[in-house]
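The values are calculated or read from the model by the stated rules, or taken from the named source; none is laboratory data. None of these values were measured; they are calculated from a predicted model. Every residue, glycine as well, gets a Cβ built from its backbone with ideal geometry; the counts of neighbours run over all protein chains shown.
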Ligand SMILES: [Zn+2]
């Protein structure tokens, strides 16, 4: 991770670089910023910069032996501590070391990692993630090792809010009398949840939200969005890159679902079996996954209900997107009192069976053929 990979925060980057140039790197620093601010990325970029063998005035080189290891997060002098919990694989006394492989994967895939996504990644269900007292023993062990290659040993602690008191106190003792050439970077998000002694014993580096214009430009670059759309998303996400990404992914998913739904309904209405088979192959692809198939069925139910509401002449509830409105104008008349309950039950049942591992190919084809029949049921005359 280089500084150039971190969105915005130019003045923070400058200040950090200055500490390296002037040889006054504080040994315990608290990178405090909200989720989506990029504080974890900054911490890694800073550690990479310190260790880089060929650094410039503005960034690490990205090419030296040290940088290459940092970019894979496998440098032997780079250590991570993060909150964990038990899961199916790690059943007792979980510590960061048990989850290092998943950690590297998660951070390399998305350096703007949220704790919710981390929890999902390590499949710990709803258990509370913690940095336990077993962890502080492991930290002591790591720090007693000599540095391998770099001048500094860096320990990045993500979410120090999740320390329990006993382990935080142990860590604080180490911070007070640190082994030489050891750098602690605590990447925290919520100052109110931090033990006050952590605050008083670390140097605070405040990371604000990402500047709106900088975020907008990043969204244009990364997602090829139009200027005005990127501007809107940047504003809605309040300088939070994680939030911006979520908005984009949601709208991408809705677009995909919309096109799947319209193709499905058209083919079903025509009774076009070859198209229905192609469509089924598409949605049954393993990349789609059961969770997404279920979400798609929920989306279908939403449009069926919107159609009914439209037929009964209720005012627009404002929950339908513009492209959906256009389609519903033509589609709604085919959803009516004589078939709506059956269609809703059909979609609900499909969702139920997907959850219970039904074969999606067989299931969606079966639903398609039933829909072909149901969409041709004539509307009762009083609604028609
Ligand atoms: Zn380098």
Query raised in the report: Does residue 142 satisfy being more than 20 Å from residue 16 (Cβ to Cβ), surrounded by 14 or more Cβ atoms within 10 Å (Cβ to Cβ) and in contact (Cβ under 8 Å) with a residue 60 or more places away in the chain?
Result: yes
Query raised in the report: Got at least one residue in segment 73-83 being on the phi > 0 side of the Ramachandran plot, in a loop (DSSP other than H, G, I, E, B) and either buried (at least 20 other Cβ atoms within 10 Å of the Cβ) or at pLDDT 95 or above (or both)?
Result: yes
Query raised in the report: Does residue 101 satisfy being closer than 19 Å to residue 40 by Cβ, more than 16 Å from the ligand (Cβ to nearest atom) and loosely packed, with under 12 Cβ neighbours inside 10 Å?
Result: yes
Query raised in the report: In this structure, does residue 29 turn out to be within 8 Å of the ligand (Cβ to nearest atom), closer than 17 Å to residue 183 by Cβ and assigned by TED's automatic domain parsing to the domain that holds residue 172?
Result: no
Requested in this report: Go through 7, 17 for me and flag whichever is touching a helix residue (DSSP H, G or I) at 6+ places or on another chain (Cβ under 9 Å), touching a residue at least 12 places away in the same chain (Cβ under 8 Å) and within 16 Å of the ligand (Cβ to nearest atom).
Outcome: 17
Report task. Being in the same structural domain as residue 47 (by TED's automatic domain parsing), more than 20 Å from residue 15 (Cα to Cα) and assigned to a helix (DSSP H, G or I) narrows it down to one of 180, 192, so name that one. Result -> 192
Query raised in the report: Of the residues in segment 226-243, how many are in a helix (DSSP H, G or I) and either without any contact (Cβ under 8 Å) to a residue 24 or more places away in the chain or in the same structural domain as residue 42 (by TED's automatic domain parsing) (or both)?
Result: 10
Query raised in the report: Filter segment 49-72 for residues that are near the ligand (Cβ under 9 Å from one of its atoms) and part of a helix (DSSP H, G or I); which is nearest to the chain's Cα centre (by Cα)?
Result: 70
Requested in this report: Any residue in segment 54-72 that's assigned by TED's automatic domain parsing to the domain that holds residue 15 and over 18 Å from residue 153 (Cβ atoms): show its pairings with residues that are near the ligand (Cβ under 6 Å from one of its atoms) and not in a loop (DSSP other than H, G, I, E, B) at Cβ separation under 6 Å, as long as the two are six or more apart or on different chains.
Outcome: 61/67
Query raised in the report: Has segment 33-48 got any residue that is within 13 Å of the ligand (Cβ to nearest atom), surrounded by fewer than 22 Cβ atoms within 10 Å (Cβ to Cβ) and outside any loop (DSSP other than H, G, I, E, B)?
Result: no
